[in-house]
Amino acid sequence: MLNKPVLVESLIVFIVVLCVHMVVWDRYSWCTIALAVQAFYVQFKWDRLLQLGGAVFQFRTTANSGLLPASMVIPLLGIVMKERCKSAGIVYFERFGIVVASTGMLVALFLSVIAVGITKPVPTNTCILTGVAGSIIIYTMKHSLTVSEVIEVLEVLLIFVYLSMILLYVLPRCFTPGEALLVLGGISFVLNQLIKRSLNVVESRGDPIDFFLLVAVVGVVLLGIFFTVLFAFMDSGTWISSMFFHMMTAVLGLGVIMPWLYRLIQRNPLFWLLQFLFQTQTRVYLLVYWTVLAASACGIVFYQNAKRSSESKKHQASTITRKYFHFIVVATYVPGLIYDRQLLYIAAVLCLAVFIFLEYIRYFRIKPFGQTLRHLLSLFLDERDSGPLILTHIYLLLGMSLPVWLFPRPCAPKGVLSGAGALVPYSGVLAVGVGDTMASVFGSAMGEIKWPGTKKTFEGTMTAIFAQIIAVALILIFDSSVNLNSSYAWILGSVSLVSLLEAYTTQIDNLLLPLYLQIMLM
């Protein structure tokens, strides 16, 4: 029996795909549509494997596979990036967009082939669809990519395969297949880009902002893999292990990551960072303001835990309480987007590295703070944190930051895209900070009419759409760089589609919604 919410979610994704290709129709459109059709069929095979426990790894069981919405994200991002850079006449980034799209298609196709291969009996019709989609994609890649670009795509695929085998084995129940595709596919692409740029460093200095994210992401991932292997042979909760953890973190940070970053930017990373952070008075004011907000977030955590201790050990934070952090994140990102996006870019990278490092301390029970973090954060767990890692706060940070990090700055004159594209850096603020928060708060407080097959309410979705439209109006008032050029109907349609996707998806909405809104706005 077909799952109605999954069908509606798939319909919304198909509408997004068709909307993009109504504006951008080329040879890659056939590839994307073929990939979407086969992913639609294959995701039901994944769902059946998850229900029967026949998947290769242990995936998150509180959601469907999410293969279709995840399969479309990277190819569509590559296609819209290609078109934006093509219109700006930046050939290098136009080719880069093609590589991104091709990589996303091949990785998604690989995940589909796995599902078809382990399904018993072999689904004949789905095999035929997968074969047709694969043939179209490979034929297009053959006539579109150079030899070096084909090698780059295959390198990312190889990294994805090895990362999947390692991380999905040591982190059971942390991801659905779709979430694994997005997270591990993104990490694989970043790692390949860092290796490529490290091997091709020229004598001229690179832009530190471009390299900071790459080194930070790869550094924390390698750090996690190293300690996972190490603590498989020793108890991580002892003082000796904890001292070794901190010592090796310092050694790897100062002995590997810092020299790697120095090679890329040709200057001392710490001195550059300090100079960058305190370069202008505006940056100092923003840093002080963000420090106050960070202290407020910590205060909420401590207050809620004190409340749990006084009331009941079974007390869990309510939906409204968890949304306090969404309000704080919106208050953090909006001034950064208006006054200094480069500072926000670097600050978000540093915050991501700190979040992941603290999660390592909690996960490995590193003294003296590991057990304390476990106790403090357990209050805010929900059904999506069914694995050994707590990832919802990291997903929230990623959802707000990805539109800033993925913004094609070289293809945007004066750092701003035209039309609805001017709102691209605000995609996370609109989709997660405003839309998802309003839908959750008003839906749980006043919602009565539920969308068929879900717990989400009609009132919550309508409130989310209305709140995002108001937010767009406020952005127009306070950010003079945003000029929508009468593209209001497209913005309304984009916001409405993403809000409907929030109502029906069971994937991590903090990660998925900003990416789809960014695709539509670009």
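The values are calculated or read from the model by the stated rules, or taken from the named source; none is laboratory data. Quantities reported herein were computed from a predicted structural model and do not represent experimental measurements. Cβ atoms come from the backbone with ideal geometry, glycine included; neighbour counts cover every protein chain shown. To get the accessible areas, we keep the full protein, side chains included, count just its heavy atoms, and leave off ligands, DNA and RNA. Shrake-Rupley method; radii C 1.70, N 1.55, O 1.52, S 1.80 Å.
Data table
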| read-out | value |
| --- | --- |
| HN-Hα J in Hz across the range 165-171 - Karplus 6.51, -1.76, 1.60, θ = phi - 60°, x for Gly and Pro | 5, 7, 6, 6, 6, 7, 10 |
| Amide hydrogen neighbours beyond the local backbone of T457, cut-off 5 Å, H modeled | W451 |
| Pairwise FRET efficiency - A232 versus S87, Cβ, R0 = 56 Å, nearest 0.05 | 0.65 |
| The range 245-308: equivalent-ellipsoid semi-axes (sqrt of 5 x gyration tensor eigenvalues, Cα, Å) | 32, 22, 6 |
| Among 248-254, 356-362, the order from most to least packed when residues are scored by Cβ within 10 Å on average | 356-362, 248-254 |
| Carbon plus sulfur fraction of accessible area for the chain, probe 1.4 Å, in percent | 69 percent |
| Student exercise, the range 347-416 dipole from Lys, Arg, Asp, Glu Cβ charges, in Debye to nearest 20 | 260 debye |
| Ellipticity estimate at 222 nm from DSSP helix runs (n ≥ 4, -39,500 (n - 2.57)) divided over the chain, nearest 500 | -24500 deg cm²/dmol |
| Translational diffusion of the chain, µm² s⁻¹ [Kirkwood Rh, Cα pairs; Stokes-Einstein; 4 °C; 1.567 mPa s] | 54 µm²/s |
| Rg/Rh for the range 1-171, where both radii come from Cα atoms and Rh is the Kirkwood radius | 0.98 |
| Only Lys, Arg (+1) and Asp, Glu (-1) charged, at Cβ; the range 1-171 dipole about Cα centre in debye | 260 debye |
| Point-charge dipole on Cβ atoms (K/R +1, D/E -1) for the chain, about Cα centre, debye to 20 | 560 debye |
| Separation of the V113 and T62 label points, Cα + 7 Å toward Cβ, nm | 3.4 nm |
| Per residue value of the accessible surface for the range 1-171 (all protein chains in place, 1.4 Å probe), Å² | 46 Å² |
| Percent RCO, i.e. relative contact order, over the chain, from Cα pairs under 8 Å lying at least 6 residues apart | 18 percent |
| The range 95-137 shape via C-alpha gyration tensor axes, a/c threshold 1.5 | oblate |
| Net charge contributed by nearby residues that have their C-beta within less than 11 Å of K82 (K/R +1, D/E -1) | 0 |
| Stretch gain in nm, segment I225-L270, where the contour uses 0.36 nm per residue and the Cα spacing is subtracted | 13.7 nm |
| Difference of contour (0.36 nm per residue) and Cα-Cα distance, T280 to A295 | 3.1 nm |
| Extension gain (nm, one decimal) between Y488 and W239, 0.36 nm per residue minus Cα-Cα | 83.8 nm |
| Charge context of K120, other residues only, Cβ under 12 angstrom, K/R +1, D/E -1 | +2 |
| Cysteines not pairable in the chain (beta carbon separation under 4.7 Å absent) | C19, C31, C127, C174, C298, C351 |
